[in-house]
Amino acid sequence: MNNTIRTNFSSPSIGRILSKPITSSSSSSSCCSSLTTPRIKFRRRYHSYQHPAPGSPFTKAESAILSASLLHVPSHGFSNAALSFGARDANYLDISVNMLPRGVFDLVHYHLATERLRLGDKIDFRKPENELPEGLRNLSIPAKIRVLCMERLRANAPIIHRWQEAFAVMSLAGNISASMSELAKLSDEIWFLAGDESHDTTWYTRRATLSAVYATTELFMTQDNSKDFEATWAFLDRRLHDVKTIGSSVSNVTSYLDFTVHAFANVLRSKNVPFF
């Protein structure tokens, strides 16, 4: 972590101190007190039906600090300052942020993971049609994919002016693997919630192309100044149409992904965001 002396936590006494919240007679003030960040119970709703659900990627203490830190992102960005303010709000010592092995990236990852898992609580097309809102009934699979993508992107709205900072953090060499893994999980979650039951090679091509569509739309959204992100939804529609046009053959999908990744990288570089 920048400008922070990392502490040796091998001592049991230090570990016990940092894993317990400190008490305070008055609650810490927050510049974003009007915002609320729900505490998410992590569970598995994606990928294999045969394997057991994994445990939470964050400990109870980490979740407390990170959920509180997200409230400070609109004002302080994805930064060590946001983490420090979050630790105080959660009644932990400032030094407790050193429990987070990847620093600011853990804050980005927490947002990605929690919003991915919340998506199924908001919209789940696997439910019987009569249990869905009227506007979400009898939709085609492509229409369901569009609805789910839009719902997930809307979760970025409160911090969209800070999301290019998140891209910069995710693009660092040590964070690329985890970032791509989270994107793959989101793509799989969207197809799963849309009711996809494919078992052939299209299972992979659909998820690969959707990952590219979502990532480029998310980047476009950071530059969108239109009312209610209308330009972003139009951009999403064009990308989804492109995917429908190229079909699902491996050669076509490979060409599309190659073009999209290069375009994505060039946009990031134009914004002075490091991309490896």
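The values are calculated or read from the model by the stated rules, or taken from the named source; none is laboratory data. In this text the structure is predicted, and so the values were computed from the model without any measurement. Because the Cβ atoms are built from the backbone with ideal geometry, glycine has one as well, and the counts that use them run over all protein chains shown. Areas reflect the complete protein model, heavy atoms only, side chains present, ligands, DNA and RNA absent. Shrake-Rupley method; radii C 1.70, N 1.55, O 1.52, S 1.80 Å.
List of remarks:
- Of all the numbered requirements in (1) open to solvent by less than 50 Å² (accessible area, probe 1.4 Å); (2) assigned by the TED database to the domain that holds residue 66, residue 148 misses one, and that requirement is (2).
- Boolean, residue 117 is in contact with a Phe, Trp or Tyr (Cβ under 7 Å, 6 or more places away or on another chain) and free of Cβ contacts under 8 Å to residues at least 60 places away in the same chain: no
- Only one of the numbered conditions (1) open to solvent by 10 Å² or more (accessible area, probe 1.4 Å); (2) at pLDDT 95 or above; (3) over 19 Å from the mean Cα position of the chain (by Cα) is not met by residue 70, and that is (3).
- Taking region 184-198 as the range and being open to solvent by 50 Å² or more (accessible area, probe 1.4 Å) and either not in a helix (DSSP H, G or I) or not basic (Lys, Arg) (or both) as the test, only 197 passes.
- Taking residues in region 199-215 that are of a type in the set (Phe, Trp, Tyr), and partners anywhere that are in a helix (DSSP H, G or I) and open to solvent by 20 Å² or more (accessible area, probe 1.4 Å), the pairs with Cβ atoms closer than 9 Å and at least 6 places apart or on different chains are 203/191; 204/250; 214/183; 214/239.
- Filtered residues of region 136-188 (kept if among the acidic types (Asp, Glu) and closer than 18 Å to residue 117 by Cβ): 151, 182, 188
- Selection within region 76-86 - within 18 Å of residue 169 (Cα to Cα) and open to solvent by 20 Å² or more (accessible area, probe 1.4 Å): 76, 79, 80, 81, 84
- Per-region count, region 161-183, residues assigned to a helix (DSSP H, G or I) and over 12 Å from the mean Cα position of the chain (by Cα): 11
So that you can scan it fast, the table gives a plain yes or no per residue for (1) open to solvent by 10 Å² or more (accessible area, probe 1.4 Å); (2) outside any helix (DSSP H, G or I); (3) in contact with a strand residue (DSSP E or B) (Cβ under 8 Å, 6 or more places away or on another chain); (4) under 24 Å from residue 157 (Cα atoms):
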| position | (1), (2), (3), (4) |
| --- | --- |
| 64 | yes, no, no, yes |
| 74 | yes, no, no, yes |
| 88 | yes, no, no, no |
| 92 | yes, yes, no, no |
| 96 | no, no, no, no |
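- Whichever residue in region 120-130 is among the acidic types (Asp, Glu) and within 27 Å of the chain's Cα centre (by Cα) and, among such residues, is nearest to residue 155 (Cα to Cα): 121
- Meets criteria (surrounded by 14 or more Cβ atoms within 10 Å (Cβ to Cβ), under 18 Å from residue 239 (Cβ atoms) and not small (Gly, Ala, Ser)) for residue 156: yes
- Options 232, 201, 222, 216; residue that is among the polar types (S, T, N, Q) and surrounded by 19 or more Cβ atoms within 10 Å (Cβ to Cβ): 232
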